[in-house]
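Undergrad: Mind having a look at this structure? Questions to follow.
The values are calculated or read from the model by the stated rules, or taken from the named source; none is laboratory data. If you're wondering where the values come from, they're calculated on a predicted model, not measured in any experiment. Here the Cβ is made from the backbone with ideal geometry for all residues, glycine too, and neighbour counts use every protein chain on show. Just so you know, the surface numbers come from the protein's heavy atoms only, side chains and all, with ligands and any DNA or RNA stripped out. Shrake-Rupley method; radii C 1.70, N 1.55, O 1.52, S 1.80 Å.
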Amino acid sequence: GSGTYVARKVVHHETSNLTGLAEVLSKQGKEVVSQVLAFEVMPAPPAIASLLRINIDERIYFSRRVRYVDGKPLMLEDSYMPVKLFRNLS
């Protein structure tokens, strides 16, 4: 009905150094909140195992979270980490 429009950019994030998103946005005066939707240990599917350079079915952590900036959802983030590297992650 209303056509196509481009939303105004509300976040500026330089990728030239290894600074976390939350730290960058906090320095810009923004409130960053993460909501964990899922956290589990599972066998690595073939595609994920390949990307992580681990064996297929090796145990990995899977987490899914929503990142909010100033109360508005910014991103849905999936993370995969080998259990052998992060033994006590919760």
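Undergrad: Through the Karplus equation 6.51 cos²θ - 1.76 cosθ + 1.60, θ set to phi - 60°, convert the phi angles of the range 61-77 into ³J(HN,Hα) values in whole Hz; use x for Gly and Pro.
TA: 8, 10, 9, 10, 9, 9, 9, 10, 10, 6, x, 10, x, 9, 7, 9, 10
Undergrad: Also, I was wondering about something else. Taking LYS84 as the anchor, which aspartates and glutamates have their alpha carbon closer than 20 Å to its alpha carbon, excluding any fewer than eight residues away along the same chain?
TA: Once the sequence-local aspartates and glutamates are set aside, what remains near LYS84 is GLU40, ASP57, GLU58.
Undergrad: Given H placed 1.01 Å from N in the peptide plane, which residues other than close sequence neighbours of ILE60 have an amide H under 5 Å from its amide H?
TA: Residues meeting the criterion, in which the H sits 1.01 Å from N, are MET42, ALA44, VAL83.
Undergrad: Short version: ³J(HN,Hα) in whole Hz for each residue of the range 37-45, in order, from phi by Karplus 6.51 cos²θ - 1.76 cosθ + 1.60 (θ = phi - 60°), x for Gly and Pro, what are they?
TA: Per residue, the Karplus-derived 3J(HN,Hα) values read 9, 8, 8, 7, 9, 8, x, 5, x Hz.
Undergrad: As a test of reading the structure, rank ILE60, ILE54 by solvent-accessible area (1.4 Å probe, protein chains only), most first.
TA: In descending accessible area the options line up as ILE54, ILE60.
Undergrad: Sort 46-52, 83-89 for me by packing, meaning the mean count of neighbouring Cβ atoms within 10 Å per residue, highest on top.
TA: 46-52, 83-89
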